[in-house]
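In what follows, a single structure is set out as structure tokens and then discussed.
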Amino acid sequence: MGESLNDTSGRMGLGLKAVALAALALWLWATIPLALGQRTLYFRDVFTTHLPVKAFGAAELRAGRIPAFNPAWGLGQPFRGNPNALPFYPGNVLYLILPFWSAFNLHYALHWLLAALTMAALARALGQGPAAALTAGVTYAGSGWILTTLSFYNLLAVSAWWPLVLLGAARGGRRGIALGGIACGMALLAGEPVTAALGIVPLLLVACQRHGFRRGALAVLGIGVTGVSIALPQLVATTRILGFTSRSALGAAGLDVFHFHLGLARLLELILPFPFGHPWDLGKGGYWSWDEQPGLPYILTLHFGIVALWLAVLGVRRARGWGLLAAAGIVLAWAGAFGGDALVMLTHGLVRYPEKLLFWLALAVSLLAGWGLERVLASPRAWRGAAIGAGAALALAVIVFLAGSRLADWLAAGRVSPEFVSQAPAARVGVWIVALVLAAALLGLAAMAARRGSAAGLAASQLVALLPLAGLVMTARVADFPPSPWLRMLRPGAEVVPGGPTSPPVPPTYLTLVQTAAFDLGPAPGALYTLRYPFGKDLDGLYSPLSASVLLHLPRLDADARANWMRTFGAGAAVLPETPATSRLQLLAVGDRFGGTSRLFAVRDPAPSAWWPRSVTAARSAGQAFQYVSRAADTMMDDIAARPVVHHPGAWVSIREETPDRIAIDVWGDGGLLVLRRAFQPLYKATAGGRPLPTLPVNLSLLGIEVPPGGHRVWVEVSTEPEVAAGVAAWLAFLIAAVLAWRRDRFW
């Protein structure tokens, strides 16, 4: 017989220790090159969102600042108030002691490990034995949910901390509430508030099951208050900027969430890891769904191992509440987007991705797999279920093989890319056959382990069952992303408009797409080389609504008008696929890369950091301001402001000091409008000689300051006092919680 599953002493037999060491070895194999700075994750948001913002944040942290705005992105979009930037997260200390690539990737590596450890600890707190807890931890860390979050800096951190929040609720008492509150604070500082809010449901489930409704609700309240107190700096910073953001101004308008609700066909992923293709492949093995949702899903696969699926089904009888939570996650992830936008409309754009409800599935299935393992070892005949499953998978493989040509024809009828219709259907059928045979083999191994009563054998079977998901750990050599050869043609800190792929990359992989963007001066890794991106995308819905309006309408303009906006925003260079019909851009270089061609242009006469226009016109509307800038002969000489301004031309302007949140400008003239090449933000306060100066939008989205006659040193600053006060309160809350978590309870 195998190890006792009801042993709660914390001891593990040699077999279980071997499985745990094997899992640790796999983690080390994947993450040591990341920690050494030799390789990097790169998929999806890793490079498109998180690397640029963390590059800026790391540089500012080394300078002793956590600024309110990032002038390197969109001329000054929110940083301190952007939870997705994790500006107050304690893990940022890594950037002070390690090279950037090591610190950046260690965040992913350490939180991946933390997810396994916290889930295993939660399983133990809920009464599972060592083998069941090990299986739960391995299942969670190797699930499609967690491996998907390896492309989301913030979502991974929340997912890693939340089992510890639940553990605190399970433990109860002052220690449990304090421990859960600290973990909750870390999760809130990690910058994914929607997922943290979704975590309240399993938190209530744990607390009320363990302590009854009254005490359970009080425990949840205590954990929540503690967590909010620890995360107070982030909450205050976000509250300060939220009222003047594109998300607040536009709400659900224009938000594309339809691609990120769960299609029912994707339930196949519970059995097969990638029935619709591989996310990293853009060729014949690439991803094509069977429903109305084109493109990659938010959560790349629902798979968590065929062995865990069998165990979780058995575990439902032991923990029906968790079974209902798993089912609710699936149903609401599907139903949360009736018509494509129900959830986003109900939340005014706050909840954009219904697939985040699959967080419940990930938590529940991992725990259910542990309870299922205990049931298997307690029931002499439970192994038969795995044996039947193995036979069914093998039979399905035979059926797919026999129906291969008809299935290929069905796939060719609009379910694969037309570009690969001659190759992809047959390849896809082959992948299904292999996956089904592998599922049969894994269930067969699990059945043998169950028949022998081997807990280690079952845990090992589940670990092996997760290996087909290894492709989701997408890493590449850091050396694959060298500085663009065009970088030496630009000055340090240059403002650029990057290019991107315009034709199918060669070879057809996601990595090639990322390398193409890097060649074309993209923000990953361009932000590491001090490049600035005045037209950076509104990735989080936190842009100034005025800046977001410019980005929204810019693609509709002709070449001359787009060049005008490049000049106005100070862009000195632009990478484009073709030569535009305008004299305002000058061709500097042509480059061939990965199956395509791009061209580097210099923008003639880009705007300086500050200027004093010749004339100022008052805009009747935002639309008029946009058209004025698009057609103006010289947007530095003749500007348009949000309201009438008494303006006298000819003033002298000189910038004396400039940091993200503090600018000093010397002005000498007869009074009028000073224009800064910064995005207009209400948090900027201008003063001269201690007296406040009015600010207003200029050229639709830039920052203007009304300066009185005479010579003045104008200061433009953002106050840090609210965040400093919140930080003091947060430290006090953390210290109190830490003391309570350390001390033993005398009563509950």
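Please treat every number below as a calculation from the coordinates, not as lab data. Since we're looking at a predicted model, the values are computed, not measured. All Cβ positions, even for glycine, are placed from backbone atoms using ideal geometry, and neighbour counts span all protein chains on display.
The fraction of Cα-Cα pairs per 5 angstrom bin, counted from 0 for region 482-603, comes to 2, 11, 21, 22, 21, 15, 6, 1 percent, rounded to whole percents. For the peptides 24-34, 277-287, the ranking by mean Cβ contacts within 10 Å, running from highest to lowest, is 277-287, 24-34.
Residue ranges 661-674, 586-599 sort as 661-674, 586-599 when ordered by packing (mean number of other C-beta atoms within 10 Å per residue, highest first). Just so you know, the averaged projected area of the alpha carbon convex hull for region 26-175 sits at 10.2 nm².
From least to most packed, judged by other beta carbons within 10 angstrom and beginning with the fewest, Met119, Met474 follow the order Met474, Met119. Using a cutoff of 8 angstrom between alpha carbon atoms and counting only pairs six or more residues apart, the relative contact order for region 255-481 works out to 25 percent. Normalising by residue count, region 255-481 has a Cα convex hull of 142 Å³ per residue. Size estimate for region 114-153 follows the Kirkwood approach: the inverse of mean 1/r over distinct Cα pairs works out to 10.1 Å. Each peptide in 722-732, 639-649, 520-530 gets a packing score, the mean of other Cβ atoms within 10 Å over its residues, and the list from highest to lowest is 520-530, 639-649, 722-732. Axis angle, to the nearest 10 degrees, between helix 510-519 and the longest C-alpha principal axis of the chain: 20 degrees. I want to verify the translational diffusion coefficient of region 610-717 in µm²/s; compute it with Stokes-Einstein, Rh as the Kirkwood radius over Cα pairs, at 20 °C and 1.002 mPa s. D = 156 µm²/s. Neighbour counts of other Cβ atoms within 10 Å put Ser654, Ser366 in the fewest-to-most order Ser654, Ser366. In terms of surrounding Cβ atoms within a 10 Å radius of their Cβ, Lys54, Lys685 rank from fewest to most as Lys685, Lys54. Measuring between their Cα centroids, region 568-587 and region 411-448 lie 46 Å from each other. Distance between the C-alpha centers of region 148-222 and region 375-405? Whole Å please. With region 148-222 and region 375-405 each reduced to a Cα centre, they are spaced 37 Å. Beta bridges assigned by DSSP with both partners in the chain are antiparallel in approximately 85 percent of cases.
For the chain, the 222 nm mean residue ellipticity estimated from helices alone, with every DSSP H stretch of n ≥ 4 adding -39500 (n - 2.57) and the total spread over all residues, rounds to -15500 deg cm²/dmol. By the Kirkwood approach, averaging reciprocal distances over each pair of separate Cα atoms, the chain gets a hydrodynamic radius of 27.9 Å. Nearest-5 percent of antiparallel DSSP beta bridges in region 610-717? If I count the DSSP bridges inside region 610-717, around 90 percent turn out antiparallel. Hey, what D do you get for region 669-739 in µm²/s if you plug the Kirkwood alpha-carbon radius into Stokes-Einstein at 4 °C and 1.567 mPa s? Roughly 90 µm²/s, to the nearest whole number.
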